[in-house]
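This report concerns only the one structure given below.
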Amino acid sequence: MGKNLAISIGINKYDFLQPLKYAKRDAELMQEFLRNQGGFDKVLFFSENSPDIKGKSTRPSFINLKRVLRTMFEKPFMRDGDNFWFFFSGHGRRHNGYDYLMPCDGDPEDIEHTAIPINFVTERLRRCGADNVILILDACRDQGSKSGEGIGNQAAEVARQKGVITFFSCSPNELSYEIEDLQQGIFTKALLEGLGVQGKCATVERLDHYLNSRVPELIRQYKSQKVRQTPYIIAEPIAKSHLIICPQYASVHDVAILQRDAYQAELNKEYELAEQLWTRVLAASFGDIDAIKGIKRIALLQRGNEASSQDNSVSTSVANKSDSPLSPKSTPVANTTPSEADVPLKSDRGVDYTNLRDLLAARRWKEADKETLRVILKAAGSDEEQGWLSIEDLEKFPCEDLRTIDQLWVKYSNRHFGFSVQKHIYQSLGGTTQKDEEIWESFGDKVGWRKNDKWLYYNDLTFSEKNTAPGHLPVAVVGAMAGGRLESWWFWCSELCWWSCWLE
């Protein structure tokens, strides 16, 4: 297990600024969550009356905060696979093009000498050595709201440059509101919901989606329809948005996405990023063999053992690897000659389904599952490197290709696997176009994707027609869909072409 550390700062009482009501409470609640539910080893808490740590004051003054950032982060003390979170709730200011966090003794008339530059915070946090650093800023408060005077633009650019995942409570020039009825800031309430059992946001991306939906909902409920508070996130490269931040809610789909990102980083020769992602897969899947092999492979590449053939060997060994979800082509199957009565390999988009047919005929189910994802992305016209199917992709997916893929799975599994098999099971449970968490979980139980009320990781699934439930495969495509839900795939096909798409 990786090491999890955090700093949580909440400031109500300011020497030279309007006091806030619930910034301290927000930071306390964040500290409690990280300790009790987040599994964090240590959370340092700073407020106007927080207890000393080893005889040192935790009052969030300029000197104290600067000292902690300077001394604590002078040398790396964490490593890949570890997590460091920094949460700040209080005032923020923009001055001469730079964004600042205001300590309790920050002087708005002398910001450069009494406030903490956000770029300094980011630079120090990156020194900790953890590959996953998360900065959460609820720093736009003033008199029941938080007034950041445009805070965010410069901080966002710094986050992009440093690779620090950064959550902002509101967009530049907006306010972040505290609500008397909640005795809390709206952003932090939504944040803790998303990280907890209400939102079950396993990944950065999912938390971002939750905040963008929940914060405006709370604003409408407690303020008015005219008030705007729009949280946003900076997570670059895009693979960082797929990082798992709440492992207790992660499923097979979340891990599969990380696997694809890791393989793609290897293909792009971004070895540092690939190693970080494989480490994350390893941590999330408790010993995933692909992750172990990936880390070893990258170590060899980085040492230069394959320098003479690097251009060819990396793309060949990774792209042709049987477990690669982005493999452009799997190893050809020997002695496989389809019969005359085989499924016609029709495609409206010119996709070649020969390799998928051969893999299915040879009952190489895991390779066929990954090949299914590849051909679906190609038929959808989606970016194969990105590995995602958007709602627009699903809406325009060709029925001819859908039918070909399904018929291949149904034929070679003797009607045991296939999308149509899954659709029949899902509808038998009462499933419709409307998302229903209870039905979806029942479906997961029925097809063997869940065990003991928990979603299985990809490598815990069974890639065999023996001892598996009907509809167990295909599955890799689920993680690439909008919302990660298979009903999106089944029902985005228009009813006009549905019966020509599916076998009954």
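The values are calculated or read from the model by the stated rules, or taken from the named source; none is laboratory data. As the structure is a prediction and not an experimental result, all values here were calculated from the model. So basically every Cβ, Gly included, is an ideal-geometry build from the backbone, and we count neighbours across all protein chains shown.
The residues listed here are I7, I63; of these, the one that is of a type in the set (A, V, I, L, M) and within 27 Å of the chain's Cα centre (by Cα) is I7.
The condition (being in contact with a Cys (Cβ under 8 Å, 6 or more places away or on another chain) and at pLDDT 90 or above) is satisfied by just one residue among S169, S213: S169. Residues that are of a type in the set (D, E, K, R) and in contact with a Phe, Trp or Tyr (Cβ under 6 Å, 6 or more places away or on another chain) were ranked within region 406-426; the one that is farthest from L345 (Cα to Cα) is K423. How many of the residues making up region 74-117 are closer than 19 Å to R59 by Cα, part of a strand (DSSP E or B) and of a type outside the set (F, W, Y)? Qualifying residue count, region 74-117: 5. Taken over region 201-222, the criterion of being among the charged types (D, E, K, R) and crowded, with 16+ Cβ neighbours inside 10 Å is satisfied by E205, R206, D208, R214. The listed residues are H416, H424, and the only one of them that is surrounded by fewer than 20 Cβ atoms within 10 Å (Cβ to Cβ) and in a helix (DSSP H, G or I) turns out to be H424. Scanning region 244-285 for residues that are in a loop (DSSP other than H, G, I, E, B) and touching a strand residue (DSSP E or B) at 6+ places or on another chain (Cβ under 6 Å) yields A250, S251.
Residue-wise test of (1) touching a Leu at 6+ places or on another chain (Cβ under 8 Å); (2) on the phi > 0 side of the Ramachandran plot.
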| site | (1), (2) |
| --- | --- |
| G38 | yes, no |
| F62 | no, no |
| R67 | no, no |
| M78 | yes, no |
| G81 | yes, yes |
| H113 | no, no |
| V133 | yes, no |
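The rows are residues; the columns are (1) touching a Phe, Trp or Tyr at 6+ places or on another chain (Cβ under 8 Å); (2) surrounded by 21 or more Cβ atoms within 10 Å (Cβ to Cβ); (3) among the hydrophobic types (A, V, I, L, M, F, W, C).
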| position | (1), (2), (3) |
| --- | --- |
| G2 | no, no, no |
| Q18 | no, no, no |
| N36 | no, no, no |
| G39 | no, no, no |
| S50 | no, no, no |
| M72 | no, no, yes |
| F86 | no, yes, yes |
| H91 | yes, yes, no |
| H95 | no, no, no |
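Can you tell me which residues in region 427-452 are of a type in the set (A, V, I, L, M) and in contact with a Phe, Trp or Tyr (Cβ under 8 Å, 6 or more places away or on another chain)? Residues satisfying the conditions are L429, I439. Looking at F88, F62, F45, just one residue is out of contact with any strand residue (DSSP E or B) (no Cβ under 6 Å at 6 or more places or on another chain), under 24 Å from F16 (Cα atoms) and either charged (D, E, K, R) or in the same structural domain as F168 (by TED's automatic domain parsing) (or both), and that residue is F62.
Name the single residue, out of those in region 20-55 being aliphatic (A, V, I, L, M) and free of Cβ contacts under 8 Å to residues at least 60 places away in the same chain, that is nearest to G196 (Cα to Cα). Per the criteria, the residue is L34.
Number of residues in region 183-199 that are surrounded by fewer than 21 Cβ atoms within 10 Å (Cβ to Cβ), out of contact with any Leu (no Cβ under 8 Å at 6 or more places or on another chain) and not charged (D, E, K, R) equals 4. Looking across region 130-145, not a single residue is at pLDDT 95 or above and surrounded by fewer than 22 Cβ atoms within 10 Å (Cβ to Cβ).
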